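Read through the structure below, which is laid out as structure tokens, and then see the notes.
Each value in this text was obtained by applying a stated rule to the coordinates, not by laboratory testing. What you see is a predicted model; the values in this text were computed from it and never measured. Cβ placement follows ideal geometry from the backbone for every residue including glycine, while neighbour counts extend to all protein chains displayed.
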Amino acid sequence: MNASAVSSSPPLRELIARLSALHPCHIDLGLERMRRLLERLDHPERKLPPVIHIAGTNGKGSTIAYLRGILEASGLRVHVFTSPYLVRINECFRIGGPGGGVLVGDDELRAALEHCECANAGAPITIFEIETAAAFCLFAQQEADVVLLEVGLGGRLDATNVIDTPLASVIAPVSMDHTEFLGDTLAQIAGEKAAIIKSKVPVICAEQALEAIDVIERQASRLHAPLHAAGQQWHVNIERGRLVYQDDRGLMDLAAPKLFGRHQFDNAGLAIATLRALDALRIGIADFEAGIVNAEWPARMQRLTSGALVDITPAGCEIWLDGGHNAEGGRVAATALGDLEERVSRPLVVIAGMMANKDAPAFLANFAGLTRHIIAVQIPGRDNAMPPDRLAEAARALGMRVETSSSVEAALQSLARLAYEVPPRILITGSLYLAGPVLAANGTPPR
């Protein structure tokens, strides 16, 4: 199936363009616009099913995938709002139903967005704010047992932080990213993330650097919010290739997640800890295992095994896709590649494209010991993407062999002229904004 067969309809794309023009400046964090719009919409955020609110720098999406998998395995209906999307905006909105959720259809999404547009009456608003309001409208109209709500950026001033009493506040690993908006120290960034904590609402926290956990602990204590922190109230380990989870309620020995990488054991552990902390949800061990084994989350160390891009790549190559874009994201991808190298040794080629505001040297440094071959590409359709030449300079400064290419397709085709004795392992990485076009070009968009 080609990408055009699954893209959003022209009327929906035109609507998104029109809404984007209401606030054409750069990201402007604040809750005033959101609260004004929600009041005009008669507060759909107050009519939602119980909400699990998830913040953090890395791992939010994978944690949500595990949460959804476990909850659906137990027979519950789950609405999900995530961002950004990879190929089409519908991916941000999953409507829960018996037997599992589905992505919202074009007509239903357009109606929700137009309803929000009408209520907004032309006032300045960001596209993310109006998408969040549309999610609240969609989720308030259709019954479900749980809403999984992902923070877009930060937490304190994020459009999702209008939920007064969530079922739980979840904080995935916090690291340096978006420093121009959230602060230039880990403590400042953690403070922004920890601002989703609400009075007396359970907080479930991934393992954090000391500077971050100190901030989170203080905020939880100030608000009398019970804290369930990794390494303290709960533990997750890998034993004989299996996930072993333990808390004060007991131990679970579960099959490994299908999502690849040792960091996925930690993300799955965070999802398990969240659901174990909620007395309102009684979930059996079999449902925990089914949820983590079957969870899928595209562009996170995703193996591409078929599709148009696979077909143009020299025979025998492995292609992996990862949307990591900061130093910590690069670290976990590099660790996963190291694990692959221990299993089956292959030369590694990294095809990278990044946004201009990212720290390319810190990201690429993770791969310096694994490969000396980087191909820098432009992220298509993004005016604020990093020029390939600038990305190439960062790679050269790390002692890497580097070249530039006009596109991912051209980069893959260029590998045919290289004299690799063993077909290489290829990682396409650097941004979710690169991963989306890759999945579209390959004909394997998210479902």
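A P(r) calculated from all alpha carbon pairs of the stretch 217-373, with 5 Å bins opening at zero, reads 1, 7, 14, 17, 16, 15, 13, 9, 5, 2, 1, 0 percent. For a straight C-alpha distance cut-off of 28 angstrom, the lysines reachable from LYS198 (same-chain residues fewer than eight places away being disregarded) are LYS47, LYS60. Taking the centroid of alpha carbons for each part, the stretch 19-44 and the stretch 232-271 are 39 Å apart. Note on ILE16, ILE196, ILE54: ascending count of other Cβ atoms within 10 Å places them as ILE16, ILE196, ILE54, the fewest first. Spatial offset of the stretch 383-420 relative to the stretch 323-341 amounts to 18 Å, using the alpha carbon center of each.
Here the Kirkwood formula, the inverse mean of 1/r across different C-alpha pairs, assigns the chain a hydrodynamic radius of 22.5 Å. When the Cα atoms of the stretch 76-210 are aligned to their principal axes, the ranges along those axes come out at 46, 37, 31 Å in descending order. With a 10 Å cut-off between alpha carbons and a GNM built on the chain, which of ALA209, ALA194, ALA385 moves the most? Most flexible of the set in this elastic network: ALA209.
Remark: HIS79, HIS224, HIS178 ranked as HIS224, HIS178, HIS79, counting other beta-carbon atoms within 10 Å and listing the fewest first. Computed over every Cα-Cα pair of the stretch 302-442 and binned at 10 Å starting from 0, the pair-distance distribution P(r) comes out as 12, 49, 35, 4 percent.
Using a Gaussian network model of the chain in which every pair of alpha carbons under 10 angstrom is joined by a spring, one finds that among ASP145, ASP322, ASP28 the greatest mean-square fluctuation is at ASP28. When the chain is described by a simple charge dipole with +1 on each Lys and Arg Cβ and -1 on each Asp and Glu Cβ, the residue from ALA271, VAL332, LEU182 located farthest towards its positive end is VAL332. Considering only ALA315, ALA230, ALA159, the Gaussian network model of the chain with Cα springs below 10 Å gives its largest mean-square fluctuation to ALA315.
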